[in-house]
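What follows is a set of notes on a single structure, which appears directly below.
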Amino acid sequence: MDPLTYSLCHKPVIGLFMFAASACAFPPLVQELPFALQQAGALASREFEAPVGKPYSLDLHFRFPSAAASLADEVVGSRHDESCGRAYQTISLAQRSGLGRPIPIHVLVREQETGAVALDKVFDTLCITSHGGPGFRKTRTAARFELARGKYILEVRSLESQSGLDGVQTSVSLVSGDRK
C-alpha cells in the first residue's frame, strides 16, 4: 500500500468505497517468520519496508498439533481482559487464570541504509488476542510501536526458553496496527 492509497482509505466517503472494494487491505510487512520460542536466545530476523509512517503490531503465532493440545495450553492463555495491560507481578493469583505465561522478547528494529536504531526494547507479552483458523492457532499481540516510512531490519530474540510448547509451531508477524 502506498502513502496516497493509505491516505485516501482514511477519507470519510471515498475511504468507505475503497474499503468495500478491498482497496484498503494492508498486507503484513513480515508474515509468519519462524521463531523458536522454545529456545532462549532464538533469533528471527527479516528485512521489510514500512510503506507509510504509522503504528504497527508485532504478533506471536502458535500453531498447536491438535485441539486437545490447544485446550491444554498454559503458555499462550485462553482469555484477554483488563489485566493483560498490567505487569504480571501486580495481577492477583486468582486473576492470572487463563492469561497464560509472560513471555519476554527483545525487539530490535534498525534502518536498512544507516543501521540507525528505530526501536530497541524488551516486551513482556501476556494474554491471547485471537484464536482459531487452520491448525488450532492462537495469536498474542506482543508489541505495538510507531515506525516512519522506510526500509528496516527486524530482529526478535527470545529471552527465556518456554517449556510447554512441544510440537507447537511458533512464528512472528509484523502487521498494520489498525484495520486499514
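The values are calculated or read from the model by the stated rules, or taken from the named source; none is laboratory data. Note that this is a predicted model, so its numbers are computed, not measured. Every residue, glycine among them, receives a Cβ derived from its backbone with ideal geometry; neighbour counts consider all protein chains shown.
Values as computed for the structure displayed
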| read-out | value |
| --- | --- |
| Sole residue being more than 24 Å from Glu82 (Cβ to Cβ) and buried (at least 16 other Cβ atoms within 10 Å of the Cβ), chosen from Val175, Val117, Val109 | Val109 |
| Hey, Gln31 part of a loop (DSSP other than H, G, I, E, B) and either in contact with a helix residue (DSSP H, G or I) (Cβ under 9 Å, 6 or more places away or on another chain) or under 26 Å from Gly132 (Cα atoms) (or both) or not | no |
| Test: residue in the stretch 74-82 that is assigned to a loop (DSSP other than H, G, I, E, B), in contact with a helix residue (DSSP H, G or I) (Cβ under 7 Å, 6 or more places away or on another chain) and surrounded by 12 or more Cβ atoms within 10 Å (Cβ to Cβ) | no |
| Every pair of residues 6+ apart whose Cβ atoms lie under 8 Å, when the first sits in the stretch 106-122 and is over 17 Å from Val172 (Cα atoms) while the second is basic (Lys, Arg) and in a strand (DSSP E or B) | Glu111/Lys151; Gln112/Lys151; Glu113/Lys151; Ala116/Arg110; Val117/Arg110; Ala118/Arg110 |
| Residue within the stretch 103-112 that is farther than 18 Å from Val30 by Cα and over 16 Å from the mean Cα position of the chain (by Cα) present | no |
| Residues being buried (at least 19 other Cβ atoms within 10 Å of the Cβ) and outside any strand (DSSP E or B) - total across the stretch 120-141 | 4 |
| Exclusive hit being surrounded by fewer than 16 Cβ atoms within 10 Å (Cβ to Cβ), of a type outside the set (S, T, N, Q), under 27 Å from Pro102 (Cα atoms) and at pLDDT 90 or above, set Ala36, Ala44, Ala67, Ala40 | Ala40 |
| The stretch 147-174, residues that are on the phi < 0 side of the Ramachandran plot and part of a loop (DSSP other than H, G, I, E, B) | Ala148, Arg149, Leu159, Glu160, Ser161, Gln162, Ser163, Leu165, Asp166, Val168 |
| Members of the stretch 84-106 that are out of contact with any Pro (no Cβ under 6 Å at 6 or more places or on another chain), surrounded by fewer than 18 Cβ atoms within 10 Å (Cβ to Cβ) and assigned to a helix (DSSP H, G or I) | Gly85, Gln89, Thr90, Leu93, Ala94, Gln95, Arg96 |
| Any chance Arg144 is basic (Lys, Arg), within 28 Å of Ala50 (Cα to Cα), at pLDDT below 95 and not in a loop (DSSP other than H, G, I, E, B) | yes |
| Residue check for Leu126: in contact with a helix residue (DSSP H, G or I) (Cβ under 8 Å, 6 or more places away or on another chain), closer than 25 Å to Tyr88 by Cβ and aliphatic (A, V, I, L, M) | yes |
| Pairs, first farther than 15 Å from Asp120 by Cα and touching a residue at least 12 places away in the same chain (Cβ under 8 Å) in the stretch 151-180, second of a type in the set (Phe, Trp, Tyr) and in a strand (DSSP E or B), C-beta under 6 Å, six or more apart | Val168/Phe62; Thr170/Phe62; Leu174/Tyr56; Gly177/Tyr56 |
